Amino acid sequence: MLFRSVDSYPLEQVGIWRENNVALTLFPYIIEKIAYKFNEAYLIVESNSIGKLVTDKLWNELEYTNMYVDIKGNIGLRQTTSTKKIGITKLVENLKSSALKINDFNTIKEMSNFNKLKNSYAASSGHDDIVMTLVNFSFVMNKIGRAHV
């Protein structure tokens, strides 16, 4: 997901790239190419399971360093119950206060199916990949001191 700038309000979604059929070995190269095309974009890559392979390849092999690194020096965002809860809370706040402008139909569609299920939130049908990028983004922006995105 791409945003125009994190220095102006409201933050405006300017694009998404969504593809479920890319080989894991190619994914870091595609991310790097897109990031450089958009002024060395700051990347927030989820580092759970196979995401760790992506962050490692971007950081170590491709030497792309404009990425989220936590206070312990871990590259990428490890999605946990806590990060998800904080990210969802901040995302809701940002949407309600109009600090975040969503322009993509698929994003809105996924958001309409994103609900509380048992003790967590997830898509009640379909996918929630796009929404989770917004959750991760909201978590990181809050973490680095931009409580309202």
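Count of segment 98-128 residues, restricted to those that are in a helix (DSSP H, G or I), in contact (Cβ under 8 Å) with a residue 60 or more places away in the chain and out of contact with any strand residue (DSSP E or B) (no Cβ under 9 Å at 6 or more places or on another chain), is 1. In the set (1) under 19 Å from Asn20 (Cβ atoms); (2) touching a helix residue (DSSP H, G or I) at 6+ places or on another chain (Cβ under 8 Å); (3) among the small types (Gly, Ala, Ser), the condition left unmet by Ser125 is number (2).
Test Lys90 against the criterion of being without any contact (Cβ under 8 Å) to a residue 12 or more places away in the chain, out of contact with any strand residue (DSSP E or B) (no Cβ under 6 Å at 6 or more places or on another chain) and of a type outside the set (Val, Ile, Thr), and give yes or no. Considered against the rule, which asks whether it is without any contact (Cβ under 8 Å) to a residue 12 or more places away in the chain, out of contact with any strand residue (DSSP E or B) (no Cβ under 6 Å at 6 or more places or on another chain) and of a type outside the set (Val, Ile, Thr), Lys90 comes out as no. When restricted to residues that are open to solvent by less than 40 Å² (accessible area, probe 1.4 Å) and touching a Phe, Trp or Tyr at 6+ places or on another chain (Cβ under 7 Å), segment 91-121 contains 2. Return yes when Asn136 is among the polar types (S, T, N, Q), under 20 Å from Val45 (Cβ atoms) and open to solvent by less than 20 Å² (accessible area, probe 1.4 Å) and no when it is not. Considered against the rule, which asks whether it is among the polar types (S, T, N, Q), under 20 Å from Val45 (Cβ atoms) and open to solvent by less than 20 Å² (accessible area, probe 1.4 Å), Asn136 comes out as yes.
A quick yes/no check of all residues on (1) outside any helix (DSSP H, G or I); (2) at pLDDT below 95; (3) among the acidic types (Asp, Glu):
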site: Ala35; (1), (2), (3): no, yes, no
site: Gly51; (1), (2), (3): no, yes, no
site: Asp56; (1), (2), (3): no, no, yes
site: Asn60; (1), (2), (3): no, no, no
site: Lys72; (1), (2), (3): yes, yes, no
site: Gln79; (1), (2), (3): yes, yes, no
site: Thr83; (1), (2), (3): no, yes, no
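If we scan segment 71-89, do we find a residue that is aliphatic (A, V, I, L, M), under 20 Å from Trp17 (Cα atoms) and either open to solvent by 60 Å² or more (accessible area, probe 1.4 Å) or over 14 Å from the mean Cα position of the chain (by Cα) (or both)? Explain how you work it out, then say what you get.
Our first condition is that a residue be aliphatic (A, V, I, L, M); within segment 71-89, this holds for 71, 75, 77, 86, 88.
Going one step further and asking which of them are under 20 Å from Trp17 (Cα atoms), we end up with 77.
Still in the running and either open to solvent by 60 Å² or more (accessible area, probe 1.4 Å) or over 14 Å from the mean Cα position of the chain (by Cα) (or both): none.
No, every residue in segment 71-89 fails to be aliphatic (A, V, I, L, M), under 20 Å from Trp17 (Cα atoms) and either open to solvent by 60 Å² or more (accessible area, probe 1.4 Å) or over 14 Å from the mean Cα position of the chain (by Cα) (or both).
Consider segment 54-70 and keep the residues that are polar (S, T, N, Q) and touching a residue at least 12 places away in the same chain (Cβ under 8 Å). The one that is least open to solvent (accessible area, probe 1.4 Å) is Thr55. Restricting Ala147, Ala122 to those that are modelled with pLDDT under 90 and closer than 20 Å to Gln13 by Cβ reduces the list to Ala147.
Return the total of residues in segment 19-33 being farther than 22 Å from Asn106 by Cβ, at pLDDT below 95 and open to solvent by less than 60 Å² (accessible area, probe 1.4 Å). The total comes to 1.
Could you tell me whether segment 46-53 includes any residue that is among the polar types (S, T, N, Q) and surrounded by fewer than 15 Cβ atoms within 10 Å (Cβ to Cβ)? The answer is yes; a qualifying residue exists.
The values are calculated or read from the model by the stated rules, or taken from the named source; none is laboratory data. All values derive from a computational prediction rather than experimental measurement. FYI the Cβ positions are ideal-geometry reconstructions off the backbone, even for glycines, and counts take in every protein chain you see. Please note that ligands, DNA and RNA were not included when accessible areas were found on the heavy atoms of the full protein model with its side chains. Shrake-Rupley method; radii C 1.70, N 1.55, O 1.52, S 1.80 Å.
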